[in-house]
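Since the structure comes first, as structure tokens, the remarks are kept for the end.
The values are calculated or read from the model by the stated rules, or taken from the named source; none is laboratory data. The structure presented is a predicted model; accordingly, all values stated were derived computationally and were not measured. When we count neighbours, we look across all protein chains shown, and the Cβ atoms used for this are built from the backbone with ideal geometry, even at glycine.
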Amino acid sequence: MIESNQNQHIKQWKKLHKKKYREEEQLFLVEGWHLVEEAMQSEWHVENIIRTENIDIPEHWRHVPVTLVSKKIFSEISQTETPQGIIAVVRQKDMTDFNHEKLLLLDGVQDPGNVGTIIRSALAFGIDAVILGKGSVDLFNEKVLRSTQGAFFHLPVVRGDLNEWVTQLQTKDIPVYGSALDREATPLSELHKTDRFAIVVGNEGSGIQDDILSQVDQKVFIPIQDESESLNVGVATSIMLYHFSTD
């Protein structure tokens with residue numbers, strides 16, 4: 001059992017709370033039974049399982065190295081208020097090989113909970129991949145990972161230049177729609193749906209950047225009651241994805 005925070009493995013794992021070290025090491029942490037199980041059931045490589053005493057590892061996890069640590073040390077690695085005593089160290093992987101038929105592009109979406117919700121909805125409604133543009137929160141942020149409830153293990157999520165992506169999609173005759181609240185926008189219910197598409201959604205406060213919004217083929221909005229100022233970007237995106245998933 002590891003009881004010292006001077007242990008080299010412990011030092012390395014604690015550093016993974018910072019984006020810089022996650023990128024350098026190409027590793028990240030997922031915590032709790034559900035997320036660890038999702039990792040184990042996916043094609044991602046789990047390098048190590050960290051556990052405390054009195055935690056029994058399921059039989060189908062036992063091909064992965066397990067590290068036993070004291071509760072005190074575990075609490076230093078854990079990012080949750082009520083730790084379940086189980087964490088997986090997972091290696092990042094290349095996610096560039098995916099279909100481009102149905103894409104979701106996020107422009108500067110910063111709230112981890114919103115990004116997590118959007119990724120869950122994207123998986124639920126058949127999106128091929130999610131592209132995180134400049135200013136969007138890091139996928140491997142612990143709060144994002146928890147908010148996805150493991151959906152990110154089953155859906156490609158990559159970073160990219162959204163201007164380049166929009167141009168590339170349009171050269172393939174894939175229409176690009178952007179969420180916007182202006183007079184040129186078409187109500188979602190009146191939109192002519194296509195089998196192939198890309199949807200761009202923007203920052204919680206400022207929306208899609210002007211240079212990207214000027215590139216889209218059509219602006220779209222969701223009509224709401226006058227008493228309500230706007231919808232949360234996670235909610236609005238989920239509504240649009242559901243609309244595009246229906247016949």
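For the reader, a short list of remarks on this structure follows.
- Boolean, E37 is assigned to a helix (DSSP H, G or I) and surrounded by fewer than 16 Cβ atoms within 10 Å (Cβ to Cβ): no
- Qualifying residues in the stretch 124-137 (those that are in contact with a Gly (Cβ under 9 Å, 6 or more places away or on another chain) and assigned to a strand (DSSP E or B)) - the one farthest from H100 (Cα to Cα): L132
- Where V46 falls short, out of the listed (1) more than 22 Å from S147 (Cβ to Cβ); (2) surrounded by fewer than 20 Cβ atoms within 10 Å (Cβ to Cβ); (3) in contact (Cβ under 8 Å) with a residue 40 or more places away in the chain: (1)
- S230 assigned to a loop (DSSP other than H, G, I, E, B) and either in contact with a helix residue (DSSP H, G or I) (Cβ under 8 Å, 6 or more places away or on another chain) or assigned by the TED database to the domain that holds D111 (or both): yes
Yes or no, residue by residue, for (1) among the small types (G, A, S); (2) touching a strand residue (DSSP E or B) at 6+ places or on another chain (Cβ under 6 Å); (3) within 14 Å of F153 (Cβ to Cβ):
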| position | (1), (2), (3) |
| --- | --- |
| V30 | no, yes, yes |
| H34 | no, no, yes |
| E37 | no, no, yes |
| W44 | no, yes, yes |
| I50 | no, yes, no |
| K72 | no, no, no |
| S75 | yes, no, no |
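- Every residue from the stretch 160-180 that is loosely packed, with under 14 Cβ neighbours inside 10 Å and not hydroxyl-bearing (S, T, Y): D161, E164, K172, D173
- Residue under evaluation V30, criteria (1) part of a strand (DSSP E or B); (2) free of Cβ contacts under 8 Å to residues at least 40 places away in the same chain; (3) among the aliphatic types (A, V, I, L, M), criterion not met: (2)
- Every condition in (1) crowded, with 19+ Cβ neighbours inside 10 Å; (2) part of a helix (DSSP H, G or I); (3) in contact (Cβ under 8 Å) with a residue 40 or more places away in the chain is met by F140 except one, and the failing one is (2).
- Scanning the stretch 74-124 for residues that are of a type in the set (V, I, T), within 17 Å of the chain's Cα centre (by Cα) and surrounded by 21 or more Cβ atoms within 10 Å (Cβ to Cβ) gives V90, V109, V115, T117, I118, I119.
- Of the residues examined, F98 is not one that is modelled with pLDDT of 95 or more and out of contact with any Leu (no Cβ under 6 Å at 6 or more places or on another chain).
- For I87, the stated conditions do not hold, so it cannot be described as over 30 Å from S238 (Cα atoms) and at pLDDT 95 or above.
- Filtering the stretch 204-227 to residues that are part of a loop (DSSP other than H, G, I, E, B), touching a residue at least 12 places away in the same chain (Cβ under 8 Å) and under 25 Å from the mean Cα position of the chain (by Cα) leaves E204, S206, I208, Q209, Q215, V216, I222.
- Within the stretch 156-176, tally of residues that are within 16 Å of V201 (Cβ to Cβ) and in a loop (DSSP other than H, G, I, E, B): 2
- For the stretch 207-219, the count of residues that are closer than 20 Å to T246 by Cα and either among the β-branched types (V, I, T) or loosely packed, with under 13 Cβ neighbours inside 10 Å (or both) is zero.
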